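Single-structure report; data block below.
The values are calculated or read from the model by the stated rules, or taken from the named source; none is laboratory data. The model shown is predicted, which means the values in this text are computed figures rather than measured ones. Here the Cβ positions follow ideal geometry from the backbone for every residue, glycine too, while neighbour counts run over all protein chains shown.
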């Protein structure tokens, strides 16, 4: 899940980013309303967390622009504005949800997951051969054996499983699993793929993670 956080308070933005990254999300952060339009248009985000009181363009202006460009992109307003009139204005203006500061990170994360389930039905449990991933409980197992994954390993595995039997390019993996500050010339994707292979395939007669030469990677139980 790739999230854009638009928040001018850098401490709050950092808090949200750190928390969501622990939930295996890729998180980009912007602090100025003027920067949102092109960024939201050019990147395939799963959701936006939007403050209303921003320098440059206000949150309401940003919301109108996002709705014009990407009508179905989930937007959650997160703001200190707590009056009934402002809540109504935010929801009527096109927001999918509205949260008031101070807030609990666990609730923010749960609301984002709920927005994604509401907009595009997503499988809760993914399975390829004897490999299982529970996206609600965030548990991974193979052949009944629990597998402990770090947040980025989990995000990478979920992306591969949601695209099982289809080759995915390195650039597509970067776009959905890492953020805009990712160094595209580093070998971190390859490192995480190798780590997943060690945890997912080692000790099993059937390898599930495959390198597709000249293309990228694919998770499948079919012959490659």
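For segment 35-51, the tally of residues that are at pLDDT below 95 and more than 24 Å from residue 135 (Cα to Cα) stands at 8.
Given (1) farther than 20 Å from residue 90 by Cβ; (2) in contact with a strand residue (DSSP E or B) (Cβ under 7 Å, 6 or more places away or on another chain), where does residue 63 come up short, assuming only one miss? Residue 63 satisfies all of (1) farther than 20 Å from residue 90 by Cβ; (2) in contact with a strand residue (DSSP E or B) (Cβ under 7 Å, 6 or more places away or on another chain) except (1). So which residues in segment 8-51 are assigned to a loop (DSSP other than H, G, I, E, B) and either in contact with a strand residue (DSSP E or B) (Cβ under 7 Å, 6 or more places away or on another chain) or closer than 19 Å to residue 177 by Cα (or both)? Correct list: 23, 24, 25, 43, 44, 45, 46, 51. Among the strands (runs of 3 or more DSSP E) confined to segment 126-215, the ones with at least 2 residues that are more than 23 Å from residue 22 (Cα to Cα) are located at 209-212.
Please go through segment 200-223 and pick out each residue that is without any contact (Cβ under 8 Å) to a residue 60 or more places away in the chain, closer than 21 Å to residue 174 by Cβ and surrounded by 16 or more Cβ atoms within 10 Å (Cβ to Cβ). Break it down stepwise before answering.
Restricting attention to segment 200-223, the residues satisfying the condition of being without any contact (Cβ under 8 Å) to a residue 60 or more places away in the chain are 201-203, 205, 207, 209-218, 222-223.
Those still in the list that are closer than 21 Å to residue 174 by Cβ too: 209-218.
Within segment 200-223, 209, 210, 216, 217, 218 meet the criteria.
Of the candidates 64, 87, the single residue that is touching a residue at least 24 places away in the same chain (Cβ under 8 Å) and more than 30 Å from residue 171 (Cβ to Cβ) is 64.
For segment 63-77, the set of residues classified as more than 19 Å from residue 101 (Cα to Cα) and not in a loop (DSSP other than H, G, I, E, B) consists of 64, 65, 66, 67, 68, 69, listed by residue number. One residue is enough: does segment 92-114 have a residue meeting the conditions at pLDDT 90 or above, in a helix (DSSP H, G or I) and over 22 Å from the mean Cα position of the chain (by Cα)? Checked segment 92-114: at least one residue is at pLDDT 90 or above, in a helix (DSSP H, G or I) and over 22 Å from the mean Cα position of the chain (by Cα). Beta carbons closer than 8 Å, at least 6 apart along the sequence or on distinct chains, pair a first residue in segment 13-37 that is on the phi > 0 side of the Ramachandran plot with a second that is modelled with pLDDT under 95 and not in a helix (DSSP H, G or I) for 24/1; 24/138. State whether one or more residues within segment 78-85 are in a loop (DSSP other than H, G, I, E, B), touching a helix residue (DSSP H, G or I) at 6+ places or on another chain (Cβ under 9 Å) and surrounded by 16 or more Cβ atoms within 10 Å (Cβ to Cβ). Yes, there is a match, as at least one residue in segment 78-85 is in a loop (DSSP other than H, G, I, E, B), touching a helix residue (DSSP H, G or I) at 6+ places or on another chain (Cβ under 9 Å) and surrounded by 16 or more Cβ atoms within 10 Å (Cβ to Cβ).
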